[in-house]
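Enquirer: To start, I am sharing the structure in question, which I have written as structure tokens.
The values are calculated or read from the model by the stated rules, or taken from the named source; none is laboratory data. As the structure is a prediction and not an experimental result, all values here were calculated from the model. Ideal geometry is used to build each Cβ from the backbone, glycine not excepted, and the neighbour counts take in all protein chains shown.
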Amino acid sequence: MKNWFWLVVVVLFSQEAIAQKTSKDTVQKGQVQIITADSTVISAADSLIGNKKEKKFFPVPKTATRLALIPGGGQIYNRDYWKLPIVYIAFGGGLYAYYLNSLKYHDYLATYKSFYDLNPASPDYGQIKAGLTADSVMPIRVRNLLNTNSEMGEISRDQAARGKNYWRRNRGFALIVSGLIYTLSIIEANVAAHLKTFDLSEDLTLRVEPKLNQPQMLTPTPGLRLVFNLK
């Protein structure tokens, strides 16, 4: 009877041990599954961050230069929209000055030509008209933009010559300035595209940080300091 008793005890203890081992294995398997789920979330987050970094805009300088041949096109491509008013105002101002000076130049030129006989069939072609002298005056109408507020008056031949030369020089200068503005807008678009390819992250070599303790100050004084990272 004793032998049977001890046999029953051994069988019961062995079943309890097997049950405890099985529960531990299931718990371990559950933990492994949780870890696997965490790693999946982390990898998914990393992939999202990687895709976000890949979508960052990096302009191509050659493309920006080509589009800048149209005034403001390079700035639009670089997404520098705040520069558009500057480009258009500067370029438009140069064209406005060119057009206004051109109007006045042609007005003085027309008055200057009125002193001469410009009929090719006339024997006095290219000469001062009969009855006119160096002191004679002719009416002139100097136009402004849109032909409004025109100035009327009378000027001599010498005054007409000086006026047409003056406004012609101004017209040429306005044309040169407009060309320089146009060229600078192209150069600016190219340089801005190059600068946007540089690393502008927070981990910069030079940082500006606040500082309370200043040299030779007994009390805390707010200020700034420059921090250099030497790698």
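Enquirer: Out of the residues in the stretch 158-173 meeting the condition of being buried (at least 19 other Cβ atoms within 10 Å of the Cβ) and out of contact with any strand residue (DSSP E or B) (no Cβ under 8 Å at 6 or more places or on another chain), tell me which one is farthest from ALA110 (Cα to Cα).
Expert: So the first thing to find is which residues in the stretch 158-173 are buried (at least 19 other Cβ atoms within 10 Å of the Cβ), and the list is 160, 163-164, 167, 171.
Now narrow it down to the ones that are out of contact with any strand residue (DSSP E or B) (no Cβ under 8 Å at 6 or more places or on another chain): 164, 167, 171.
Working: LYS164: 9, TRP167: 13, ARG171: 16 Å.
By that ranking, first place goes to ARG171.
Enquirer: Ok, one more. Counting only residues that are surrounded by fewer than 10 Cβ atoms within 10 Å (Cβ to Cβ) and in contact with an Asp or Glu (Cβ under 8 Å, 6 or more places away or on another chain), which one in the stretch 111-152 is nearest to TYR98 (Cα to Cα)? Walk me through it before giving the result.
Expert: Quick first cut of the stretch 111-152, residues surrounded by fewer than 10 Cβ atoms within 10 Å (Cβ to Cβ) only: 120-121, 123, 130-131, 133-135, 146-149, 152.
Those still in the list that are in contact with an Asp or Glu (Cβ under 8 Å, 6 or more places away or on another chain) too: 130, 134.
Numbers: ALA130: 36, ALA134: 31 Å.
Residue satisfying both the conditions and the ranking: ALA134.
Enquirer: Could you pull out the residue among ILE89, ILE186, ILE176, ILE155 that is surrounded by 14 or more Cβ atoms within 10 Å (Cβ to Cβ), of a type in the set (Val, Ile, Thr) and assigned to a helix (DSSP H, G or I)?
Expert: Numbers: ILE89 fails: surrounded by 14 or more Cβ atoms within 10 Å (Cβ to Cβ); ILE176 fails: surrounded by 14 or more Cβ atoms within 10 Å (Cβ to Cβ); ILE155 fails: assigned to a helix (DSSP H, G or I).
Exactly one residue qualifies, and that residue is ILE186.
Enquirer: On the given criteria, is TYR96 in the same structural domain as ILE181 (by TED's automatic domain parsing) and surrounded by fewer than 20 Cβ atoms within 10 Å (Cβ to Cβ)?
Expert: Here the answer is yes, as TYR96 does meet what is asked.
Enquirer: Let me ask something additional. Can you name the condition, by its number, that TYR108 falls short on among (1) at pLDDT below 90; (2) more than 37 Å from the chain's Cα centre (by Cα)?
Expert: (1)
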